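S.K.: Structure below; questions to follow.
The values are calculated or read from the model by the stated rules, or taken from the named source; none is laboratory data. Everything numeric here is computed off the predicted structure, so don't read it as measured data. Cβ coordinates were reconstructed from backbone atoms using ideal geometry, including for glycine residues, and neighbour counts include every protein chain displayed.
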Amino acid sequence: MNEERYIWATGKRKCAIAQVRLFSGDGEIIVNDKPYKEVFPRLEHHHLIEVPFMVTNTSGQFHATIKVKGGGISGQATAIQHGIARALVKANELLKPSLRKEGLLTRDARVKERKKYGLKRARKAPQYTKR
């Protein structure tokens, strides 16, 4: 890959959408123009973001710039993970089986269920009184 060329992919989770660009580089990960460790202070989120690189043994080979919006912190971290995995597959098709085995290419389709009328939340009903 050239310095100016990049591979892009989109990752999604709940309401979060991450646009990932992979450049050949030093392994730096930038999220919304900041280092990812500033945006995501929790170690669990650091691990989630780094997993696709660790599974494929490509740590330090790619420089990633990511724009993420929507959802909460955990949804954003998982959307970034999904986007990085999809971009790695575009970069090298031979990485697909290892990423698929770890479940990183599957989009988690679970979203919040809508509230129904007559109920307090999606499924919680008002307390029943017999008398």
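S.K.: Check the range 56-77 and report whether any residue there is touching a residue at least 24 places away in the same chain (Cβ under 8 Å), out of contact with any His (no Cβ under 8 Å at 6 or more places or on another chain) and in a helix (DSSP H, G or I).
M.R.: Looking through the range 56-77, at least one residue is touching a residue at least 24 places away in the same chain (Cβ under 8 Å), out of contact with any His (no Cβ under 8 Å at 6 or more places or on another chain) and in a helix (DSSP H, G or I).
S.K.: When you scan the range 42-61, how many residues do you find that are more than 15 Å from residue 85 (Cβ to Cβ) and at pLDDT below 95?
M.R.: 1
S.K.: Here's something else I'd like to know. So residue 90 passes all but one of these: (1) touching a Lys or Arg at 6+ places or on another chain (Cβ under 6 Å); (2) in contact (Cβ under 8 Å) with a residue 24 or more places away in the chain; (3) not β-branched (Val, Ile, Thr). Which condition number does it fail?
M.R.: The one condition residue 90 does not meet is (1).
S.K.: So which residues in the range 9-36 are outside any loop (DSSP other than H, G, I, E, B), of a type outside the set (Val, Ile, Thr) and surrounded by 14 or more Cβ atoms within 10 Å (Cβ to Cβ)?
M.R.: Selection gives 9, 11, 12, 13, 16, 18, 19, 21, 22, 23, 24, 36.
S.K.: Scan the range 68-95 for residues that are over 15 Å from residue 24 (Cβ atoms) and surrounded by fewer than 16 Cβ atoms within 10 Å (Cβ to Cβ) and jot them down.
M.R.: 69, 70, 72, 73, 93, 94
S.K.: Of the residues that make up the range 46-56, is at least one more than 12 Å from the chain's Cα centre (by Cα) and buried (at least 18 other Cβ atoms within 10 Å of the Cβ)?
M.R.: Scanning the range 46-56 turns up at least one residue that is more than 12 Å from the chain's Cα centre (by Cα) and buried (at least 18 other Cβ atoms within 10 Å of the Cβ).
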